[in-house]
1. Going by what's in this entry, would residue 39 be described as within 26 Å of residue 108 (Cα to Cα), without any contact (Cβ under 8 Å) to a residue 24 or more places away in the chain and surrounded by 12 or more Cβ atoms within 10 Å (Cβ to Cβ)?
2. Look through region 1-36, keep the residues that are among the aliphatic types (A, V, I, L, M) and within 26 Å of residue 111 (Cα to Cα), and return whichever of them is modelled with the lowest pLDDT.
3. For region 96-109, enumerate the residues that are under 13 Å from residue 46 (Cα atoms) and in contact (Cβ under 8 Å) with a residue 24 or more places away in the chain.
4. Assess whether residue 120 counts as being touching a Gly at 6+ places or on another chain (Cβ under 6 Å) and either of a type in the set (S, T, N, Q) or at pLDDT 95 or above (or both).
5. Could you count how many residues in region 35-59 are of a type in the set (S, T, N, Q), in a helix (DSSP H, G or I) and within 13 Å of the chain's Cα centre (by Cα)?
6. Please work out which residue is nearest to the chain's Cα centre (by Cα), limiting yourself to region 100-123 and to residues that are assigned to a loop (DSSP other than H, G, I, E, B) and surrounded by 13 or more Cβ atoms within 10 Å (Cβ to Cβ).
7. Would you mind telling me which numbered condition in (1) surrounded by fewer than 16 Cβ atoms within 10 Å (Cβ to Cβ); (2) modelled with pLDDT of 95 or more; (3) not aromatic (Phe, Trp, Tyr); (4) not in a helix (DSSP H, G or I) residue 96 fails?
8. So residue 29 clears everything in (1) closer than 27 Å to residue 129 by Cβ; (2) over 11 Å from the mean Cα position of the chain (by Cα); (3) charged (D, E, K, R) except one condition, right? Which one?
Amino acid sequence: MGGWQKEMRHRVKGRKLSRNSAQRKALFKSLINSLVLHGEIKTTQTKALAIRGLTDKLITKGKKQTLHARRLILSFLQNKKAVNKIVDELAPLFKDKKSGFTRITKIGNRRGDDALMVKIELTKKPEKKVEKKEDKKGTKKEVKTSKETAKK
């Protein structure tokens, strides 16, 4: 092939996102960690499409709920909170579903560079736990442990 011609990308999977492989892997880790911990994130459409498949694979691994599955997920995400949430909370929610654990909704274009922004979220979200805490007077009050409950 000549230097000026671009080679065809037959059967080449994935997106480069103008980054080298280490930067791209770090970007995917941080986006997936945020998605798992918060339930939804806002990002560009290209980045959302790039992490959708990886997120589905990690949740599918978490369905096994074995120590080996935890360690495989941890080797990629490197965040114990995210791994525990995938295995303990998300995997049981999606036990009857084979794929399609995320939903992408278009928001609009970003003002600075006109990039198409989307919201990527989990299709099912775990129920929030209600803890009872004692205040200084000794009376028990229910404390909701999530930002999501403020929206409802």
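The values are calculated or read from the model by the stated rules, or taken from the named source; none is laboratory data. Note that this is a predicted model, so its numbers are computed, not measured. Counting neighbours? That spans all protein chains shown, and the Cβs are built from the backbone with ideal geometry, glycine included.
1. Considered against the rule, which asks whether it is within 26 Å of residue 108 (Cα to Cα), without any contact (Cβ under 8 Å) to a residue 24 or more places away in the chain and surrounded by 12 or more Cβ atoms within 10 Å (Cβ to Cβ), residue 39 comes out as no.
2. Filtering first and then ranking leaves 17.
3. Hits for region 96-109 are 104, 106.
4. no
5. 1
6. Taking the candidates together, the pick is 101.
7. The one condition residue 96 does not meet is (2).
8. (2)
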